[in-house]
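K.L.:
Mind having a look at this structure? Questions to follow.
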Amino acid sequence: MSRATQTALVRDDRTTYEAAAGAAVGLSGVAFVVGLAALVGAVEIGDPVAGVELSVALGAVLLALGLAVVGFGVASRLGFVDAAPQPSAGVVAAVAFTAIWFAAGVTAAGAAGIGTVGRLGVGTVLGGGAFAVTALPREDVGSTVPAGAVAVLCGLALVTGVVGPGWERALAGYNATLFGDTVVPAVVLFASLATGWSAAKAYGGFGARGRNVGAYVLIYLVVGSILAVLVGLVAFVTAKGLPGLLNGVGVGGETLVRWPFLTNGAGLLADVAGVFPALVGTVWLVIGAVLFAVPTGVGAAVFLSEYAEQGRFTGAVEVATNGLWSTPSIVFGLFGAAFLIPRFGNQKSLIAGMLTLGFMLLPLVLITSREAILAVPDEYRDASAALGVSKWQTIRSVVLPAAIPGVTTGVILGVGRIAGETAPILLTMGGGVLPAKSAAPNVLSGFRLSASPPFVSNPALLEATSALPYQLYALITAGLSGNIRNPQEYAWGLALTLLLVVLAFYAVGIATRYYFRRKLHQ
Amino acid sequence: MSLTTSRTDWRAGIERRLTRTREFVDDADPEALAVVIASMGSLLTAFVGFLLASPWTAVPLGAFLIATGYGWVRHQALVARAVTFAMTTVTLVTLGLIVVFIFAESIPAFRYEAASVFGVSVPGLGMFAQTRWDAVSDPVRYSLLPMIHGTVMVTAIATLVAGPLGVAAALFIAEIAPPRVRELVKPGIEILAGIPSIVYGFIGFTVINPWASDAFALNGGSTYLFVGMVVGLMALPTVVSVAEDALTSVPDVMKNGSLALGATDWQSMTSITLPAAFSGVSAAVLLGVGRAIGETMAATVMLAGIPRISDPLVNVFYGYETLTSLIARGYGSANGVHESALFAAGVVLFVTVLCLSLGSQYIEARMRRRLGGAE
Amino acid sequence: MSQTENADAEDATDATAVTANRTDGRRASTTAGETVEETRPEWTSYEASGETKVAVEDLDVHYGDDHALKGVSMDIPEESVTALIGPSGCGKSTYLRCLNRMNDRIRAASVDGTVELDGEDVYQDGVDLVELRKRVGMVFQSPNPFPKSIRENVSYGPRKHGDIETGLLARLTGRAEPEREARLVERSLERAALWEEVNDRLDDNALGLSGGQQQRLCIARCLAVDPEVILMDEPASALDPIATAKIEDLIEDLAQDYTVVVVTHSMQQAARVSDQTAVFLTGGELVEYDDTEKIFENPESQRVEDYVSGKFG
């Protein structure tokens, strides 16, 4: 096993090359963000930038990026820089660029008015060419030239105004038309992704490290986009909903705090239409579901992990639990409608909604409780058993207290999930679109005793009741109109209230988890 | 892992349990046994009473509460064991009841849509053999094909969104992110799971649909394209959390072995971690698909609500109806065979998603076995 | 202090009198609780014969607040076996993981000092970890083959470094070199003394091998990359005596071509396979570094003597 040549740990100086590639990655990122802004309408592609239209400017940027990327590859291929390219760009890149160039060929040929066969022919030729250019030469050429050429093509189309503001093309048979306003940003997004990835590979000097950098750039972009969507969603709903939610809020007067949106019902007579009945409905719904599902779920988890031996019975329960967990909520709604409604007075009712959501909550509670109980170390049980404590005493005084953090977290997150469910209560609980304050369920004082079966009754539980998610749905189907002053503002306020209620559960659940985890580690 | 075998498993389990209880009898206090029997017997009676919709259900229920309360004070250990066992059966019973009730309700529709093949009448075949759904004008037909087509369109687009993005995000959380960033991103994605579907639907209805209508000059703003993207976003957290669990369960020593050979992080991920966690990751995607199929509210408020198949088939710029939105929109105003047909849609949904769930559980169990053997 | 110095002086004058040493040792360890023996630079300033492969200067490692390695300096000579011994938690594994920068994986770890491989600092800016780990291979405590076939395990490294091309694309473009891969696999397995046992089942999953075979496969996997230095972190601790003996033979054999650094907690193993031995004691200190023979028969430090004779640790 003779050793070939000894390679240096540190590569030759590539500072300039790296800086240029880094700048190209950054510029691609900027182009991506501008493209996104143009897609959502934050900027117009016809806006003037440095004397030209934005679309032309973006085209110039893409052109420059594409040429730069090709340049990186060629510089590495000709040995001007010390990179470590592999013999080929790999099968994934080859397939991807084949697909891209095939699509580009078909589109371009279609735009030039060539028939179907001709289109496919052009696509095949371009796709085959892209495959050859990607797969056959060394990696530094294979992963830059096809990507750079894509960007150059897109850039040319934008710079020359072939595609730009005012451009439109009807999609025959698809009942849709493409406009420059959407196509230009899409082209920019796509091309900047290609150049960004390729420049990132050049930055890493191709080879294993280059691929690492390229992949990381894409993954960071994905995660960044997901978080941006999340923040954007919450911020958007908050911005739209705050006026409605805070309408008429004040301090002092008859009560300490006035918050009419949360304490009023809907109706023309109210100064500010509010969501009080639906809010109370949601609260009772959650209470009912928790009362049913939490003891049942925790009890079942205790039995499964402490009493039952691992076998067919526990296996069957596990499969059933996971099956219930993934059962669509609308199926739970159908089940509630078919099973519960006939047994509770043949109409949509609060208690039917409670139990339906309870059935949905049950698997969530069971799964998390079981995990929490199984996570309690066996030493605790052994230590307790060694002291002669009975099994049940051990469970009650050792296992359950140790499992409480996990169970609590699971229950809170599960409740957050069901509090926002609409489909099941749509079929089982119903309620009005704009209920007046008097429609709020009064469960506590509703219990009646009677001499005939079923001896105990509570009309509040047996009435159709509104809840926040259902009311939002009902408002949407009513076309966002109704007997109130500003239905739009009301609906957004309602959406924000619902979002805040659910996110509060999540925030508390996640905070609880962190609190207990930190306490554990101390 | 079919339902019938889990039934027999359950029965066998109970039998084993019964023999054990019998051994128990000799040691146990006769009074405690009596209490437990009274409590469990009254619970069973109450359940039967409830099934029969009897107004007298309250009586055995009260008896159960009294017997259990008394037993809790006097013979806690035994009663606790019996009660937790009863609670355990609730999941099985619930699943069983769901099956029985939605199947029972859908029978009239299946009968109505019977079609004959080679002279043999096959109930329900008509639902999949023609494309007309019209509950009002003659001929009244309940084909589920248009809705199945819509569900497939939405699910396919949603999977294209949630699959790659979800796996990338899971890789990020499990392998790439520095601890501080992970502590931020993980709860962030959990919160994404918490945003109620009706809020997504509301945004879709008030913002996305008008925008799409404008941007693509559509007739109305309903498109499978954007419903699919919204549903994909909703299925994303499921994919991320399950895939992340699978990725973190790959032993660290394997990754270290790869890194020590000079492979980069990315090479170690794609060549070692992802293949080792492949079954878990595909289970995650399957569960995500299940979520997307079952997603109701966003589809209901964003789609047009016309049971029709788009032309051409893959036209994503139409948005007609999915199985879920059909039920949500139609239930309440429907009756008779029409209502039963909605239950039939529910059966199709339930069976599909249950199969996906069973499939992903099987894959995950296989992965656990394999990795377990590796250690 | 004076007492311990006395004891050392006695050791030096009366090296062969084992019994006397033992009594002195006992005396020294009872006093060790009050006055800790000082380490002296001359105990670790061992100059090995042969070229220096890895030079370590003033290496300090912290894991958060924990000072895991304190100012360690030791040079590792080329084409020999260097054993690192010491009680658990003494920093010997930490030291080993600094040589190929596997400590970078632990985010709380901070490393100060220099580690030079053939005169190049491996902790300087811009070091290519791929290149470093190609030259400094590592074998882990418990066998960790990849859940792939035996062949794929061996060719994993060369494939990842682009030295061997396999797969669809390479076959399509005619660049696949199955014969070269087969030669490499055979040579590496032969070198790791595994070829005879597995040559008829190269495509079986590596997880089906026995523990000892798995560990030799991991060594073969490491050899396939053609490293210059091989780090072994207690390579036989999870194996039975027969498999351990095979690994030990292999280590001695490998030293003809490679620079081998072995962490072990087995004194017999260190004495058997190594040319020079470094003793780390609790607190992350390198106490003594010398010819293996010298360490086991006549160490300078009283604590090292106590440790190798099994009195503490």
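K.L.:
Checking B:V167 against (1) buried (at least 22 other Cβ atoms within 10 Å of the Cβ); (2) more than 14 Å from chain A (Cβ to nearest Cβ), which single condition isn't satisfied?
P.N.:
B:V167 satisfies all of (1) buried (at least 22 other Cβ atoms within 10 Å of the Cβ); (2) more than 14 Å from chain A (Cβ to nearest Cβ) except (2).
K.L.:
With the stretch C:1-92 as the region, which helices (runs of 4 or more DSSP H) entirely inside it contain at least 3 residues that are at pLDDT below 70, out of contact with any Lys or Arg (no Cβ under 7 Å at 6 or more places or on another chain) and under 21 Å from C:T282 (Cα atoms)?
P.N.:
Output list reads C:2-13, C:18-32.
K.L.:
Among the residues of the stretch C:149-166, write down those that are out of contact with any Phe, Trp or Tyr (no Cβ under 8 Å at 6 or more places or on another chain) and either open to solvent by less than 30 Å² (accessible area, probe 1.4 Å) or in a loop (DSSP other than H, G, I, E, B) (or both).
P.N.:
Selection gives C:S149, C:I150, C:V154, C:S155, C:G157, C:P158, C:H161, C:G162, C:D163, C:I164, C:E165, C:T166.
K.L.:
Any residue that is open to solvent by less than 10 Å² (accessible area, probe 1.4 Å), in contact with a Gly (Cβ under 6 Å, 6 or more places away or on another chain) and of a type in the set (A, V, I, L, M, F, W, C) - is there at least one of those in the stretch B:348-355?
P.N.:
Yes; the residues of the stretch B:348-355 include at least one that is open to solvent by less than 10 Å² (accessible area, probe 1.4 Å), in contact with a Gly (Cβ under 6 Å, 6 or more places away or on another chain) and of a type in the set (A, V, I, L, M, F, W, C).
K.L.:
Only one of these is surrounded by 21 or more Cβ atoms within 10 Å (Cβ to Cβ) and either part of a helix (DSSP H, G or I) or touching a Cys at 6+ places or on another chain (Cβ under 8 Å) (or both): A:G121, A:G148. Name it.
P.N.:
Testing whether each residue is surrounded by 21 or more Cβ atoms within 10 Å (Cβ to Cβ) and either part of a helix (DSSP H, G or I) or touching a Cys at 6+ places or on another chain (Cβ under 8 Å) (or both) leaves just A:G148.
K.L.:
Restricting attention to the stretch A:392-403, which residues are open to solvent by 50 Å² or more (accessible area, probe 1.4 Å) and in contact with a Ser or Thr (Cβ under 9 Å, 6 or more places away or on another chain)?
P.N.:
A:Q393, A:S397
K.L.:
Okay, moving on. Check every one of the helices (runs of 4 or more DSSP H) wholly within the stretch B:265-375 and list those with 1 or more residues that are more than 26 Å from A:G479 (Cα to Cα). Write out each step before concluding.
P.N.:
Working: elements: B:265-268, B:278-294, B:297-302, B:323-330, B:337-374.
Correct list: B:265-268, B:278-294, B:337-374.
Quick grid of which residues meet (1) closer than 30 Å to B:I208 by Cβ; (2) outside the structural domain of A:T356 (by TED's automatic domain parsing); (3) open to solvent by 20 Å² or more (accessible area, probe 1.4 Å):
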site: A:E254; (1), (2), (3): no, yes, yes
site: A:V257; (1), (2), (3): no, yes, yes
site: A:D271; (1), (2), (3): no, no, yes
site: A:G274; (1), (2), (3): yes, no, no
site: A:A278; (1), (2), (3): yes, no, no
site: A:V283; (1), (2), (3): no, no, yes
site: A:A289; (1), (2), (3): no, no, no
site: A:A293; (1), (2), (3): no, no, no
site: A:S305; (1), (2), (3): no, no, yes
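K.L.:
Can you name the residue in the stretch B:42-84 that is among the polar types (S, T, N, Q) and open to solvent by less than 30 Å² (accessible area, probe 1.4 Å) and, of all such residues, is farthest from the other protein chains (Cβ to nearest Cβ)? Working first, answer last.
P.N.:
First, the residues of the stretch B:42-84 that are among the polar types (S, T, N, Q): B:42, B:45, B:54, B:57, B:68, B:76, B:84.
Of the ones still in play, those that are also open to solvent by less than 30 Å² (accessible area, probe 1.4 Å) are B:42, B:57, B:68, B:84.
Working: B:S42: 15, B:T57: 6, B:T68: 12, B:T84: 4 Å.
If we take residues in the stretch B:42-84 being among the polar types (S, T, N, Q) and open to solvent by less than 30 Å² (accessible area, probe 1.4 Å), then B:S42 is farthest from the other protein chains (Cβ to nearest Cβ).
K.L.:
Additional query: Please enumerate the residues belonging to the stretch B:331-340 that are within 11 Å of chain A (Cβ to nearest Cβ) and without any contact (Cβ under 8 Å) to a residue 40 or more places away in the chain.
P.N.:
B:Y331, B:G332, listed by residue number.
K.L.:
Restricting to the stretch C:105-130, and then to whatever is among the acidic types (D, E) and surrounded by fewer than 19 Cβ atoms within 10 Å (Cβ to Cβ), can you tell me which residue is farthest from the other protein chains (Cβ to nearest Cβ)?
P.N.:
As a first pass, look at the stretch C:105-130 and keep what is among the acidic types (D, E): C:112, C:116, C:118, C:120-121, C:125, C:128.
Pick out the ones that are also surrounded by fewer than 19 Cβ atoms within 10 Å (Cβ to Cβ) and you get C:112, C:116, C:118, C:120-121, C:125.
Numbers: C:D112: 19, C:E116: 10, C:D118: 7, C:E120: 5, C:D121: 8, C:D125: 8 Å.
By that ranking, first place goes to C:D112.
K.L.:
Select from the stretch A:333-350 the residues that are more than 8 Å from chain B (Cβ to nearest Cβ) and either in a helix (DSSP H, G or I) or open to solvent by 10 Å² or more (accessible area, probe 1.4 Å) (or both) and list them in ascending order.
P.N.:
Of all residues in the stretch A:333-350, those more than 8 Å from chain B (Cβ to nearest Cβ) come to A:336, A:340-341, A:344-350.
The answer is A:G336, A:L340, A:I341, A:F344, A:G345, A:N346, A:Q347, A:K348, A:L350.
K.L.:
Restricting attention to the stretch A:164-188, which residues are open to solvent by less than 20 Å² (accessible area, probe 1.4 Å) and in contact (Cβ under 8 Å) with a residue 60 or more places away in the chain?
P.N.:
A:G164, A:G180, A:T182, A:V184, A:P185, A:V188
K.L.:
Turning to a different aspect of this structure: Under 30 Å from A:L334 (Cβ atoms), in a helix (DSSP H, G or I) and either more than 10 Å from chain A (Cβ to nearest Cβ) or in contact (Cβ under 8 Å) with a residue 40 or more places away in the chain (or both): is that true of B:S241 in this structure?
P.N.:
Numbers: under 30 Å from A:L334 (Cβ atoms): yes; in a helix (DSSP H, G or I): yes; either more than 10 Å from chain A (Cβ to nearest Cβ) or in contact (Cβ under 8 Å) with a residue 40 or more places away in the chain (or both): yes.
Spelling it out, B:S241 is indeed under 30 Å from A:L334 (Cβ atoms), in a helix (DSSP H, G or I) and either more than 10 Å from chain A (Cβ to nearest Cβ) or in contact (Cβ under 8 Å) with a residue 40 or more places away in the chain (or both).
K.L.:
Can you spot a residue in the stretch A:478-488 that is touching a Pro at 6+ places or on another chain (Cβ under 6 Å), facing another protein chain (nearest Cβ under 9 Å) and open to solvent by 10 Å² or more (accessible area, probe 1.4 Å)?
P.N.:
Here is the first cut: in the stretch A:478-488, the residues touching a Pro at 6+ places or on another chain (Cβ under 6 Å) are A:480-481.
Within this subset, residues satisfying the condition of being facing another protein chain (nearest Cβ under 9 Å) are A:480.
If we keep only those that are open to solvent by 10 Å² or more (accessible area, probe 1.4 Å) too, we end up with A:480.
Checked the stretch A:478-488: at least one residue is touching a Pro at 6+ places or on another chain (Cβ under 6 Å), facing another protein chain (nearest Cβ under 9 Å) and open to solvent by 10 Å² or more (accessible area, probe 1.4 Å).
K.L.:
Which members of the stretch C:284-303 meet the condition of being open to solvent by 40 Å² or more (accessible area, probe 1.4 Å), touching a residue at least 24 places away in the same chain (Cβ under 8 Å) and either under 19 Å from C:V81 (Cβ atoms) or in contact with a Lys or Arg (Cβ under 7 Å, 6 or more places away or on another chain) (or both)?
P.N.:
Matches in the stretch C:284-303: C:E285, C:D291, C:F296, C:E297.
K.L.:
Those residues that are part of a loop (DSSP other than H, G, I, E, B) and at the interface with another protein chain (Cβ under 7 Å from one of its Cβ atoms), I need them from the stretch C:131-148; list them, please.
P.N.:
Across the stretch C:131-148, the qualifying residues are C:F140, C:S142, C:N144, C:F146, C:P147.
K.L.:
Looking only at the stretch B:185-225, count how many residues are more than 8 Å from chain A (Cβ to nearest Cβ), farther than 21 Å from A:L475 by Cβ and either buried (at least 23 other Cβ atoms within 10 Å of the Cβ) or in contact (Cβ under 8 Å) with a residue 12 or more places away in the chain (or both).
P.N.:
Adding up the residues that qualify gives 5.
K.L.:
Pick from the stretch C:169-180 the residues that are farther than 15 Å from A:G142 by Cβ and assigned to a helix (DSSP H, G or I): which of them is modelled with the lowest pLDDT? Explain how you work it out, then say what you get.
P.N.:
First, pick out the residues of the stretch C:169-180 that are farther than 15 Å from A:G142 by Cβ: C:171, C:174, C:176-180.
With assigned to a helix (DSSP H, G or I) added as a condition, the list becomes C:171, C:178-180.
On the way: C:R171: 72, C:P178: 81, C:E179: 84, C:R180: 85.
Result: C:R171.
The values are calculated or read from the model by the stated rules, or taken from the named source; none is laboratory data. Bear in mind the structure is a predicted one, so any value in this text is a computation, not a measurement. Ideal geometry is used to build each Cβ from the backbone, glycine not excepted, and the neighbour counts take in all protein chains shown. Heads up: the accessible areas ignore ligands, DNA and RNA and are worked out on the full protein's heavy atoms, side chains in. Shrake-Rupley method; radii C 1.70, N 1.55, O 1.52, S 1.80 Å.
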